[in-house]
Every structure is written in structure tokens, then in C-alpha cells.
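Since every read-out is calculated from the coordinates, none of them should be taken as a lab result. Everything numeric here is computed off the predicted structure, so don't read it as measured data. Every residue, glycine as well, gets a Cβ built from its backbone with ideal geometry; the counts of neighbours run over all protein chains shown.
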């Protein structure tokens, strides 16, 4: 099973570039990744703290309808986080998250039977930056690293507007590097974290922290995959873009699904993957992300829409 943990919220996205009219979507970086995996028919379980308000019920219904198991999630009467998203081609985000449901996540409890089934655990974005959820999820990452065979996947998906202390966050980012087996970042994330040339810096991180896979997405310029052996750059798929909400979340879901489908969700197998396989992997992930961008809000493709793009080099 795939275990995805983090935020759930409601995205209110500017409608047809209006400054006054917003359309609501179920969202949150980790939720988006869980949603994309569910639509790809992965066995995905979503762990969060979800409100009992009508937005929370909308969130649960949306996940269930899209093949995402929510049995591990906590429920609360705290209200749902709301995000306003404007300027679609380069989204700007405002979060209303004080004392909201996922942010107040203070505990976790995973049975032995669940722990033994987890192949990969994915974490992302504002749930890793807002306390107390940020501290709870770091404890969970450490716990999974120590007590399970789960591959740890982390996408910082930086939102500067919610980071209260950049010095604290940069220190926390080093924890992500230390515990993460897969790290995925956008070029915007990278600029927030480091001023160094990304090629040398990422190679240095991989060596220092023993990272198995590092992916840097470059928007409409494509993506770069780094392993201990390979440096691979691919071009982005050409598509008419309605907006980019959930693009990176869908991309990492494509990577995870690919590794899961070909039974490579363990560090030994990932280390042995051929260059051709990695190219096929990120090409597929790029297709998943591009399909999402062709639609409004986070609306990743179903498996039937992308089946023909799945390739594996034996």
C-alpha cells in the first residue's frame, strides 16, 4: 500500500481570472497526490485530520469516490483550511489555517498490520511547515524510517506565505534530506532553499544524505532526475494549460505509481533501475501532470487516460 500523509483543504481558485469570483475545489498538496494515485488505481491510504464541517464531508466524499482509503484519517470539529489561489499561470496562495483541522494534527497511531503493508510513505507542503502538524509529521517520518521498510518520499512544495521563520524552515529542510529516500522539488522551491547552482548542489545532497532519487521539476521546461548514477533531463509535454494547480502533486504520483506497478518500490530495486526505466518513469509522470494542467483545479487523469503511456524497459 501507499501511505500519503498531510494536509487537506479547500482551494478557492479565481474563476476565469476574475478578481472577485472564486470557484471551490477539494485540494491540498498531499491530498492531490493521494487523489492522483487513487485515479491510477493504486492502493492508497490517506492520513490527515479532517473536519466534520460540510467542507470536510465534501473532502471525504471526493476521496472515497476516487479510490482513496480514508480509514486512517482522524475527524474533528475544527474547521477546514481554506486556500485562495489567484494568477493562474503563476499561482499566488493565501491560506486561512489558524486552528484548522489538519494543522492541529498532534498524534498518529498505526497498527502493526498497517505498518507491515506500507511500501512508500509520501509527505508534502504546508503540513510540513505549519505547527503542530509539522512536528507531528516529522515524528511520523522518523517512526516509519526506523520501524518499517517504507520508502520515504518528500515534496517540500514550499509556500513562503505560511513559513513564519525561514531559518527554522531551512533547518527543517535538512531533516527532509536526511530522512527522505525520494525528494521532489520545483525550481521555485529550490530558489527558496538555495542560491547555488542546482546541479552541483543536488549532487552534493545525494552524496551527503544518501538520497536514492531526487527530482527537480522546471514547469514548462520539463524536469530533471538525479540518482547516484544518472542525470536525466526531459522536456515538458506540450499542452494547453488551464492552470497548474496540482501539477507537481500529480507528477510525483506518476513517479510513485510507475515504481509501484513494476514492483520497484524498495531501495534495492530503485538503485538497480536502468537509465531507460528512469526515462520512462519521468516521461509517464510528465504525461500525468500535463493531463492535470489541461483541466481546471487539481483534476488528475484516470488510469484509462494514460495507460498507453506506461512503458518498461527490461
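Before moving on, here are some points about what is shown:
- Taking a ≥ b ≥ c as the square roots of the Cα gyration tensor eigenvalues, region 100-221 comes out oblate, since a/c reaches at least 1.5 and a/b does not exceed b/c.
- Pairwise FRET efficiency - residue 22 versus residue 302, Cβ, R0 = 25 Å, nearest 0.05: 0.40
- Net lengthening on full extension, residue 15/residue 175 (0.36 nm per residue, minus Cα-Cα): 53.8 nm
- Extension gain from residue 116 to residue 266, taking 0.36 nm per residue of separation minus the Cα-Cα distance: 52.7 nm
- Point-to-point label distance, residue 1-residue 240, nm (Cα→Cβ direction, 7 Å offset): 4.1
- By the beta-carbon count within 10 Å of each Cβ, the least crowded to most crowded order of 53, 11, fewest first, is 53, 11.
- Structure-based [θ]222 nm, the chain - -39500 (n - 2.57) summed over DSSP H runs of at least 4, per residue, nearest 500: -11500 deg cm²/dmol
- Normalising the average separation of contacting C-alpha pairs (under 8 angstrom, six or more residues apart) by the number of residues puts the relative contact order of region 2-309 at 17 percent.
- Packing-based ranking, highest mean first, of 93-102, 57-66 given that Cβ atoms within 10 Å are counted: 93-102, 57-66
- Peptides ranked, highest mean first, by Cβ atoms within 10 Å: ranges 30-39, 126-135: 30-39, 126-135
- Compared with the alpha-carbon gap, the fully stretched path from residue 311 to residue 65 is longer by 85.8 nm at 0.36 nm per residue.
- Value in Å of the Kirkwood radius, where the chain supplies the Cα pairs that are averaged: 19.3
- As a proxy for reagent exposure, ranking 51, 111 by other Cβ atoms within 10 Å from fewest up yields 111, 51.
- Each eigenvalue of the Cα gyration tensor of region 192-314, multiplied by 5 and square-rooted, gives one semi-axis; in descending order these are 24, 19, 11 Å.
- In terms of its alpha-carbon gyration tensor, region 28-108 comes out oblate; a/c meets the 1.5 threshold, while b/c is at least as large as a/b.
- Here the simple spin-label model places points 7 Å from the Cα toward Cβ, and for residue 146 and residue 96 these points are separated by 4.0 nm.
- Model label sites at residue 166 and residue 201, defined 7 Å from Cα along the beta-carbon direction, differ in position by 1.2 nm.
- Separation of alpha-carbon centers, region 1-71 and region 112-154, rounded to whole Å: 18
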